[in-house]
Amino acid sequence: MMLPTFQRARTSADPFPHLRVPGILAREAADRVLRWLKTRAPWTLRVESFYEQHEISLLAAELDPEVAALVSPAFVEAVRRELRSRFALGDELVLVDIGAHRLTSGQTIRIHNDFLGGAETHRLLIQLNDGWSAERGGLLMLFADEAPESLRSVVMPTHASGFAFEISPASFHAVSSIKDGERYTLVYTFRRPA
């Protein structure tokens, strides 16, 4: 059964509360999901004011058996349990959506904070690709505020790695322009109860 592992997770509060999770998926499982995303996923191009990307909702898509575990109750509960523990949440977390994003050459996500007034409060990203280097772009950048000069940290989208964070007015981040290759991300979004 495909499940995430948080054994190597490291938490940080700089510049906002987040969690880096090397090896969140086993290599074989990550390769299997990547293959499906590259060959079978029904992508839709979305263009917004600060980004352009291809995306799908895994909750609405017809999934092949080899990737259906990504939306299984056991997988979602494992993610929910770890986020509640790592971010010291007393509340339950309600699943909002499970999506996938694809960024291709020339696409960029400019600085934003994902804050929607509490409609979404926590997010886990899982990176999938054929191997990545800084020269390909697509780096996740963390900022102290909305100014580019406030860059505090850069996260390489290493295959099968995870990154989780609290969504707030201070959770400024961006993804640098893709120069080469395709960058795939699974996106688990939760909210605290109203």
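The values are calculated or read from the model by the stated rules, or taken from the named source; none is laboratory data. This structure is a prediction, so every number in the text was calculated from the model and none was measured. Here the Cβ positions follow ideal geometry from the backbone for every residue, glycine too, while neighbour counts run over all protein chains shown. Ligands, DNA and RNA are excluded from the accessible area calculation, which covers all protein heavy atoms including side chains. Shrake-Rupley method; radii C 1.70, N 1.55, O 1.52, S 1.80 Å.
What trypsin sites (Lys or Arg not before Pro) does segment 12-51 have in DSSP loop regions with at most 15 other beta carbons within 10 Å? Qualifying residues, ordered by number: R40.
Is there a quick way to get the dipole size of the chain? I mean about its Cα centre, with the Cβ of Lys and Arg at +1 and of Asp and Glu at -1; what is the value in debye to the nearest 20?
Working: 22 positive and 24 negative charges, 82 e Å.
About 400 debye.
Can you give the relative contact order of segment 18-191 as a percent, counting alpha carbon pairs under 8 Å and 6+ residues apart?
Values: 360 pairs, mean separation 55.8, N = 174.
About 32 percent, as a whole number.
Could you work out how much longer the chain between T158 and D130 gets when fully extended? Use 0.36 nm per residue separation minus the Cα distance between them, nm to one decimal. Please list the in-between numbers first.
On the way: separation 28, 0.36 × 28 = 10.08 nm, distance 0.91 nm.
Computed gain between T158 and D130 is 9.2 nm.
For GluC sites (Glu not before Pro), the sites in segment 124-194 that DSSP calls loop and that have at most 15 other Cβ atoms within 10 Å are E146. As a length-normalised measure over Cα pairs under 8 Å and 6 or more apart, the relative contact order of segment 142-194 settles at 37 percent. Other residues within the sphere of radius under 12 Å centred on the Cβ of R152, judged by their own Cβ, net out at -3 (K and R +1, D and E -1). Applying 1/(1 + (r/R0)^6) with R0 = 25 Å to the Cβ-Cβ distance of A194 and E77, what FRET efficiency is obtained, to the nearest 0.05? Here the calculated transfer efficiency is 0.75. Surface composition of the chain: carbon and sulfur make up 50 percent of the accessible area, probe 1.4 Å.
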